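Student: This structure is in structure tokens; I'll ask about it shortly.
No lab work stands behind these numbers, since they all come straight from the coordinates. Treat the numbers as computed from the prediction; the structure is a model and nothing was measured. Positions of Cβ are generated from backbone atoms using ideal geometry, with glycine treated the same way; all protein chains shown enter the neighbour counts.
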Amino acid sequence: MTQPVVLDGKLLSAKIRSDLTGAVAGFVKAKGVKPGLAVVLVGEHPASQVYVRNKAKQTVEVGMESFEHKLPETTPQADLLALIDKLNADRAVHGILVQLPLPAHIEAGKVINRIHPDKDVDGFSAVNVGRLSIGMDGFVPCTPLGCLKLLHHYVPNGLAGKHAVVLGRSNIVGKPMAALLLQNDCTVTIAHSKTKDLAAITRQADILVAAIGRTKFVTADMVKPGAVVIDVGINRAAGANGKDVLVGDVDYAAVSAVAGAITPVPGGVGPMTIACLLSNTLDAAMRIVP
Ligand code: GUN
């Protein structure tokens with residue numbers, strides 16, 4: 001049995017961050033300003049705390065300024081909006097990210113759309129969603145952008161004409177992923193929890209992106225031989241030694257026997273997300289600083 005190509009996000013993201021370190025140094029030298037990323041965390045969601053810590057560490061490692069704002073779970077929405085207004089006006093801040101999910105008493109849409117579109121490095125605001133939808137320059141959400149970079153890097157012969165099936169329709173991954181694949185001339189199908197005869201659809205995929213948040217949901221019988229499989233899932237499961245392990249939405253061992261290429265979890269899409277966030281932040285600084 002031939003082994004699939006492993007789409008190594010750890011390796012590619014390290015290369016992106018290394019290139020970025022050079023580009024940031026060049027920017028600082030030319031402009032006398034460090035690109036700055038503000039990350040806002042409300043509450044104590046355990047996974048979010050880990051992500052925010054990693055983001056701050058890697059921001060500093062590439063030579064950018066990191067501003068962390070940790071607010072209590074009970075923060076009133078008005079206070080969060082006031083902080084965003086302050087960050088929008090702060091000349092040292094070029095990118096703003098509000099970690100999701102937010103506590104239930106806060107309207108995430110209102111908060112995200114308060115971020116100035118030109119500082120919205122997550123690409124979640126209505127303006128940037130619209131820009132992506134019509135192919136205008138804007139910020140593209142970091143996880144789908146990371147998936148696209150993996151595809152461009154590892155998949156020979158380009159994406160044009162390939163049938164891409166995206167599993168999941170979230171605003172963070174599924175919908176922007178579909179828009180990006182369409183922009184890259186794929187034929188795109190979005191499947192979701194109400195889709196009928198799902199396996200018949202996923203088996204048509206040359207490129208299958210799983211972003212549903214269900215452990216090992218994609219099984220070998222759902223995958224066309226030779227397909228490229230991108231696993232966006234980061235699910236926690238009990239490991240053999242009692243410690244939690246990260247498991248994707250794809251049954252990696254079984255699907256590896258069928259797929260032509262596959263992302264591991266961890267070490268696939270995950271590290272690409274932060275690399276793309278940092279890259280978006282440098283882009284923001286380049287647009288904002290004259
Ligand atoms: N929560 C899970 N993924 C993301 C992301 O890409 N950005 C933000 N802001 N929150 C998230």
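Student: Using Cβ-Cβ distances only, list the Cys residues of the chain with no partner cysteine under 4.7 Å, sorted by number.
Tutor: Singleton cysteines: CYS147, CYS186.
Student: Based on Cβ point charges of +1 for Lys and Arg and -1 for Asp and Glu, what charge dipole magnitude is obtained for the chain about its Cα centre, in debye rounded to the nearest 20?
Tutor: 160
Student: Is the C-alpha gyration tensor of region 160-199 telling us rounded, prolate or oblate? Criteria: a/c under 1.5 is rounded; beyond that, a/b larger than b/c is prolate, otherwise oblate.
Tutor: Oblate shape, in that a/c is at least 1.5 and b/c is the bigger or equal ratio.
Student: Further question on the same structure: Rank GLY109, PRO290, HIS192 by how far each Cα sits towards the positive end of the charge dipole of the chain (+1 on Lys, Arg Cβ; -1 on Asp, Glu Cβ) and give me just the farthest.
Tutor: My answer, from the dipole projection, is PRO290.
Student: Given contacts defined as C-alpha pairs under 8 Å and at least six residues apart, what's the relative contact order of region 61-126, whole-number percent?
Tutor: It rounds to 32 percent for region 61-126.
Student: Given a Förster distance of 25 angstrom, what is the FRET efficiency for SER133 paired with ASP197, based on the Cβ-Cβ distance and rounded to 0.05?
Tutor: The calculated FRET efficiency here is 0.35.
Student: Return the long-range amide H neighbours of VAL218 (sequence gap of 5 or more, or a different chain), with a cut-off of under 5 Å between placed amide H atoms.
Tutor: VAL250, ASP251
Student: Which trypsin sites (Lys or Arg not before Pro) does region 211-260 hold that lie in a coil by DSSP with at most 12 other beta carbons within 10 Å?
Tutor: Counting only loop positions with at most 12 other Cβ atoms within 10 Å, the trypsin sites (Lys or Arg not before Pro) in region 211-260 are LYS243.
Student: If amide hydrogens are placed 1.01 Å from N in the peptide plane, which non-local residues have theirs closer than 5 Å to the one on LYS224?
Tutor: For LYS224, whose amide H was placed from the backbone, the distant partners under 5 Å are ALA205.
Student: Can you give me the angle between helix 174-183 and the longest principal axis of the chain, using Cα atoms only, in degrees from 0 to 90, rounded to the nearest 10?
Tutor: On a 0 to 90 degree scale, this one is about 80.
Student: Now for a separate question. Hey, in the GNM for the chain with a 10 angstrom Cα cutoff, which one of SER13, SER125, SER48 fluctuates hardest?
Tutor: Maximum fluctuation in the GNM of the chain, among the listed residues, is at SER48.
Student: How far is the Cα center of region 116-135 from the Cα center of region 23-72, in Å?
Tutor: Taking the Cα centre of region 23-72 as reference, the centre of region 116-135 is 20 Å away.
Student: Contact order normalised by length for region 7-98, with contacts defined as Cα pairs under 8 Å and 6 or more residues apart; what percent is it?
Tutor: Averaging sequence separation for qualifying contacts and normalising by length gives 37 percent for region 7-98.
Student: Evaluate the relative contact order of the chain (contact order divided by residue number), counting alpha-carbon pairs under 8 angstrom at least 6 apart; express in whole percent.
Tutor: It rounds to 21 percent for the chain.
Student: Sticking with this one: With unit charges on the beta carbon (Lys/Arg positive, Asp/Glu negative), name the residue among LEU180, THR2, VAL229 whose Cα is farthest towards the positive pole of the charge dipole of the chain.
Tutor: Toward the positive end, the furthest listed residue is THR2.
Student: Cα gyration tensor of the chain, axes a ≥ b ≥ c as square roots of the eigenvalues: rounded (a/c below 1.5), prolate (a/b > b/c) or oblate?
Tutor: prolate
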